[in-house]
Amino acid sequence: MVSPVTVKSTNESAWGHAGPGLTSTSPEEQRRSRIRVKSEGPKLVPFFKSTCVYFVLWLPTSSPSWFSALIKCLPIFCLWLFMLAHGFSFLGAHSSARKILAGLIFSSLGDAFLIWQEDGYFSHGLLMFAISHILYSSAFGMKPLNPLAGLVIGAISSVSYALLYPYLSGPFTYLVGVYIALIGFMGWRAVAGLQLANDLWTWTKMSACLGAVLFMVSDLTIAVNKFCFPVPHSRAIIMATYYAAQMLIALSAVECQDVETARKMA
């Protein structure tokens with residue numbers, strides 16, 4: 001039988017502090033989280049299929065069209081469906097899940113703008129993804145604070161901007177700086193919730209952490225390839241890490257259901 005635990009209100013972030021009286025994640029809670037993640041697999045089948053369609057078709061970026069925008073955005077649309085498959089009552093009860101869904105919506109808009117980035121829509125895409133990172137950061141919450149993780153990611157972000165700075169000009173000099181700060185903040189909040197050292201982790205928190213790190217890798221590759229020098233196989237690297245990142249972040253939303261399950265069993 002599972003021992004009683006203290007659980008936060010379901011409207012709070014699912015990545016928040018465990019609270020007084022809960023010093024570690026029990027093996028049973030980790031087992032439920034692992035089972036939960038595995039059970040989400042069938043709901044992700046459309047995402048995997050649409051991702052395969054994107055890589056199989058591999059439409060040229062030199063000829064942007066609404067069809068190529070649709071093919072690029074289709075995996076993210078499938079992640080919308082993944083979130084909606086949990087029911088409107090689930091989304092209505094959990095603000096973290098709603099914020100992640102909203103982040104996916106803004107991400108798809110960013111994807112569409114980047115199809116026409118050579119026509120001057122790169123900054124529009126940058127704005128859409130910046131909003132997504134703000135929403136994801138809010139979903140991950142501010143507890144636990146984990147300042148050490150913040151310092152590490154802050155240092156990585158600062159070095160990244162310092163390396164990019166000589167290649168930036170005009171408005172991108174500050175736009176890229178702001179964007180790096182936002183995605184770095186999002187990465188900090190995702191990594192902070194993992195707490196491996198204190199055994200305060202679940203598979204869904206691990207998904208959020210890995211998703212944020214992959215998102216940072218994807219966007220750094222975009223920046224280096226666009227502003228500095230051509231990166232070999234850049235498109236494959238960017239899209240593979242991007243789709244994986246969005247899937248993992250969407251998957252982290254099921255943490256809300258784990259919290260609700262624990263509350264009912266307490």
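The values are calculated or read from the model by the stated rules, or taken from the named source; none is laboratory data. Just so you know, these numbers come straight off a predicted model, no measurement behind them. In this analysis, Cβ positions are derived from the backbone assuming ideal geometry, glycine residues included, and neighbour counts consider all displayed protein chains. Surface accessibility is based on the protein's heavy atoms, side chains included, excluding ligands, DNA and RNA. Shrake-Rupley method; radii C 1.70, N 1.55, O 1.52, S 1.80 Å.
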Separation of the SER158 and LEU196 label points, Cα + 7 Å toward Cβ, nm: 2.4 nm
Computed E for ALA236/SER39 - FRET, C-beta separation, R0 41 angstrom, nearest 0.05: 0.85
Whole-Hz ³J(HN,Hα) from phi, Karplus 6.51 cos²θ - 1.76 cosθ + 1.60, for the range 162-170, glycine and proline x: 4, 6, 7, 3, x, 9, 8, 8, x
Viscosity 1.306 mPa s, temperature 10 °C, Stokes-Einstein D of the range 188-233 from Kirkwood C-alpha radius, µm²/s: 132 µm²/s
Contour excess over end-to-end distance, with Cα ends at TYR121 and ASN225 and 0.36 nm allotted per residue: 35.8 nm
Relative packing of 212-220, 43-51, which averages over residues the other C-beta atoms within 10 Å, highest first: 212-220, 43-51
J(HN,Hα) series, the range 86-92, from Karplus relation 6.51 cos²θ - 1.76 cosθ + 1.60, nearest Hz, glycine and proline x: 7, x, 5, 5, 5, 5, x
Entries in LYS43/LYS226; LYS38/LYS143; LYS43/LYS72 that, when Cα-Cα distance is taken, lie over 30 Å: LYS43/LYS226
Cα gyration tensor shape for the range 74-169, rounded if a/c is under 1.5, else prolate or oblate: oblate
Burial order of peptide ranges 232-241, 127-136 (average beta-carbon count within 10 Å, highest first): 127-136, 232-241
Percent accessible area from carbon and sulfur atoms, the range 41-265, protein chains only, probe 1.4 Å: 75 percent
Distance histogram for the range 41-265 (every C-alpha pair counted, 5 angstrom bins, percent rounded to whole numbers): 1, 7, 14, 20, 20, 16, 12, 7, 3, 1, 0, 0
For peptides 247-253, 115-121, sequence by mean Cβ density within 10 Å, most packed first: 247-253, 115-121
Area projected by the alpha carbon convex hull of the range 157-227, averaged over all directions, nm²: 4.8 nm²
